[in-house]
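Novice: Starting off with a structure, shown below.
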Amino acid sequence: MTENKENQPIYSRLAVIGAGLIGSSLARAARETGAVSYVSICDLDPDVRAEAARLDLGDVRETVEAACRDADLVVLAVPVGAIGAAARACAPVMKSGAVLSDVGSVKGEMAQEMMQAADTRIHVIPGHPIAGTEKSGPAAGFATLFKGRWCILTPLEEQGEGYDAEVARLKSFWERLGSTVELMDTKRHDLVLSITSHLPHLIAYNIVATAEDMEQVTQGEVVKFSAGGFRDFTRIAASDPTMWRDIFMHNKEAVLETLGRFSEDLAVLQRAIRWSDGDALHDLFTRARSIRRSVIEAGQDVDVPDFGRVTKPGDDQD
Ligand code: NAP
């Protein structure tokens, strides 16, 4: 009988560090798809560990070291600002040849921290699934979160023997979870995500703050008439404050570059409105509309009216 490789586990033992939205989804997805045979999971927060045990996310361990000692793949699913500390706790106890990866939304600084924590015995392969919701915590996770989503891996340069094979193996792991994998360098990742994810979140946080500050418009009116576009901003602005604080603290360079360009373009729009330059406004809005069509054609959203939409898991992607 021929062996069916499609059903074989890709790793024997997976350790997930951080049992929040992404970590719990990863633990669920890895088990449900048979991508691994065994999952250990740990979180610094004892309440989160208790919740992870109640949800049966895997073998819940009291310490990070205990969770990752025997693992073939360790994935850090902690906020970006905690990745360095988590890597320093895991790397020294990991077995030779094991892979240390992460799911952090910023890659440049995080890859550096992981590399500094690790020695040549283990393979560091940073990653970022472009999948998420505005919810946090273990109960928010679900096994199909990564299905039909991109996952970006940012392999390091000039690594030792066996590294490329481990990158290919990690790619197969994410593919088993339903993702499409793209390889990219860390700098490019941080620039691309600064415009597709980080800046939109900053704008959402800012527009909600502006609405809150507008004393002439009452809170009641803001809530009542929110269907006019504002509502979608409030959903994005409901994202986890710790996660987003960390993203802006650690992707400064790319975000400031993108924000500078955005501010210049905003000033052009401001001027067009002031001078009643309808043609300039119409041209820009027409170009924006064609980008929206490309997003739909690329399968990144569906072409349905937005009003009255019920927010589904997976609607918001980081
Ligand atoms: P989350 O729901 O807040 O979960 C993170 C968990 O990690 C929390 O329970 C946290 O505990 C715990 N933790 C913090 N430091 C730790 C450490 N050193 N060791 C072990 N556990 C630790 O966050 P999340 O949304 O899953 O995000 C996790 C990572 O995924 C972040 O790096 C984020 O950038 C990335 N990501 C998020 C999304 C998204 O949409 N949410 C999408 C893609 C990637 P405390 O609460 O006690 O700190």
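Novice: Not counting ligands, DNA or RNA, and with a 1.4 Å probe, what is S276's accessible surface area in Å² rounded to the nearest 10?
Specialist: Using a 1.4 Å probe on the heavy atoms, I get roughly 100 Å².
Novice: Identify which of D43, D277, D301 has the largest mean-square fluctuation in a Gaussian network model of the chain, with springs joining Cα atoms closer than 10 Å.
Specialist: Maximum fluctuation in the GNM of the chain, among the listed residues, is at D277.
Novice: For q values of 0.09, 0.18, 0.20 Å⁻¹, compute log₁₀ I(q)/I(0) with the Debye formula on a Cα-only model of segment 5-185, without solvent.
Specialist: -0.25, -1.15, -1.49
Novice: What is the helix-to-structure angle for 21-32, meaning the angle in degrees between its Cα long axis and the longest Cα principal axis of the chain, kept from 0 to 90 and rounded to the nearest 10?
Specialist: Compared with the principal axis, the helix lies near 50 degrees.
Novice: Too long at a 30 Å Cα-Cα cut-off: which of K95/K135; K107/K224; K135/K224; K135/K187?
Specialist: Those over the limit are K95/K135; K107/K224.
Novice: Considering every pair of different Cα atoms, what Kirkwood radius, in Å, is found for segment 165-249?
Specialist: On the way: mean 1/r = 0.0636 Å⁻¹.
Computed over Cα pairs of segment 165-249, the Kirkwood hydrodynamic radius comes out at 15.7 Å.
Novice: Oh, and also: Leaving ligands, DNA and RNA out of it, work out the accessible area of F248 with a 1.4 Å probe and give it in Å² to the nearest 10.
Specialist: Surface accessible to solvent at F248 totals approximately 40 Å².
Novice: Let me ask something additional. Specify the angular offset, from 0 to 90 degrees and rounded to the nearest 10, of the alpha carbon long axis of helix 199-213 from the longest principal axis of the alpha carbons in the chain.
Specialist: Result, in degrees: 50.
Novice: Also, quick follow-up: Assuming 0.692 mPa s and 37 °C, estimate D for segment 80-119 with Stokes-Einstein, Rh taken as the Kirkwood radius over Cα pairs, in µm²/s.
Specialist: 322 µm²/s
Novice: Here's a follow-up. Leaving ligands, DNA and RNA out of it, report the carbon-plus-sulfur percent of the accessible area of the chain at a 1.4 Å probe.
Specialist: Of all accessible area on the chain, carbon and sulfur atoms account for 54 percent.
Novice: Here's another thing I want to ask about it. What's the local net charge at G81, with K and R +1, D and E -1, over the other residues with C-beta under 9 Å away?
Specialist: 0
Novice: With a 1.4 Å probe and every protein chain left in place, tell me how much accessible area D70 has, in Å² to the nearest 10.
Specialist: Accessible area of D70: about 80 Å².
Novice: May I pose another question? Placing unit charges on C-beta atoms (Lys and Arg positive, Asp and Glu negative, everything else neutral), compute the dipole magnitude of the chain about its Cα centre in debye, rounded to 20. Walk me through the intermediate numbers first.
Specialist: Values: 34 positive and 48 negative charges, 104 e Å.
Charge dipole of the chain: 500 debye, to the nearest 20.
Novice: How large is the translational diffusion coefficient of segment 188-297 in µm² per second when you combine the Kirkwood radius over alpha carbon pairs with Stokes-Einstein at 37 °C and 0.692 mPa s? Can you show the working numbers first?
Specialist: Numbers: Rh = 16.0 Å.
D = 205 µm²/s.
Novice: Find the relative contact order for the chain and round it to a whole percent, using C-alpha pairs within less than 8 Å whose residues are 6+ positions apart.
Specialist: Once divided by the residue count of the chain, the mean separation gives 17 percent.
Novice: Taking springs between alpha-carbon atoms closer than 10 angstrom, which of V106, V208, V75 fluctuates most in the Gaussian network model of the chain?
Specialist: V208
Novice: Moving to a separate point now. Considering only protein heavy atoms, what per residue accessible area in square angstrom results for segment 5-185 with a 1.4 angstrom probe?
Specialist: On a per-residue basis, 41 Å².
Novice: Can you give me the Cα centroid spacing of segment 20-85 and segment 119-140 in angstrom?
Specialist: So the two Cα centres are separated by 10 Å.
Novice: Hey, another quick one. On a 0 to 90° scale, report how tilted helix 108-117 is relative to the longest principal axis of the chain, with both axes built from alpha carbons and the result rounded to the nearest 10.
Specialist: It works out to around 20 degrees.
Novice: While we're looking at this one, here's another question. Report the residue, chosen from I83, I152, I296, that carries the largest GNM mean-square fluctuation when the chain is represented by alpha-carbon nodes joined by springs under 10 Å.
Specialist: I296
Novice: Can you give me the long-range amide H partners of V181? Hydrogens built in the peptide plane at 1.01 Å from N, cutoff under 5 Å, separation of 5 or more residues or another chain.
Specialist: Residues meeting the amide H criterion: C151.
Novice: Given charges of +1 on the Cβ of Lys and Arg and -1 on the Cβ of Asp and Glu, with all other atoms neutral, how large is the dipole of segment 1-88 about its Cα centre, in debye to the nearest 20?
Specialist: Rounded to the nearest 20 debye, it is 120 debye.
Novice: Right, something else. Could you rank H123, H201 by how accessible they are, 1.4 Å probe, largest area first?
Specialist: H123, H201
Novice: Largest first, what is the accessible-area ranking of F142, F225 with a 1.4 Å probe?
Specialist: F225, F142
Novice: Next up: Using the Cα atoms as the points, what is the convex hull volume per residue of the chain in Å³?
Specialist: Dividing the Cα hull volume of the chain by its residues yields 165 Å³.
Novice: While we're here: Taking just the alpha-carbon atoms of segment 1-70, what radius of gyration and Dmax come out, in angstrom?
Specialist: Considering segment 1-70 through its Cα atoms, Rg and Dmax are 12.9, 47 Å.
Novice: Quick one: putting +1 on the C-beta of Lys and Arg, -1 on the C-beta of Asp and Glu, what dipole do you get for segment 164-312 around its Cα centre, in Debye to the nearest 20?
Specialist: Once rounded to the nearest 20, the dipole reads 300 debye.
Novice: Then there's this: Would you mind working out the accessible area per residue for segment 188-297, using a 1.4 Å probe, and quoting it in Å²?
Specialist: Averaged over the residues of segment 188-297, the accessible area is 70 Å².
Novice: Let me ask another. If you take the charge dipole of segment 176-218 about its Cα centre, with +1 on Lys and Arg Cβ and -1 on Asp and Glu Cβ, which of Q216, H201, G178 is farthest toward its positive end?
Specialist: Farthest along the dipole direction, towards plus: G178.
Novice: Only helical DSSP H runs with n ≥ 4 go in: add -39500 (n - 2.57) per run for the chain, normalise by residue count and round the 222 nm mean residue ellipticity to 500 deg cm²/dmol.
Specialist: -14000 deg cm²/dmol
The values are calculated or read from the model by the stated rules, or taken from the named source; none is laboratory data. Computed from a prediction, not measured in an experiment: that's the story for all the values here. No Cβ is skipped: glycine too gets one built from the backbone with ideal geometry, and neighbour counts run over all protein chains shown. Note: accessible area is taken over every heavy atom of the protein model, side chains too, but ligands, DNA and RNA are not part of it. Shrake-Rupley method; radii C 1.70, N 1.55, O 1.52, S 1.80 Å.
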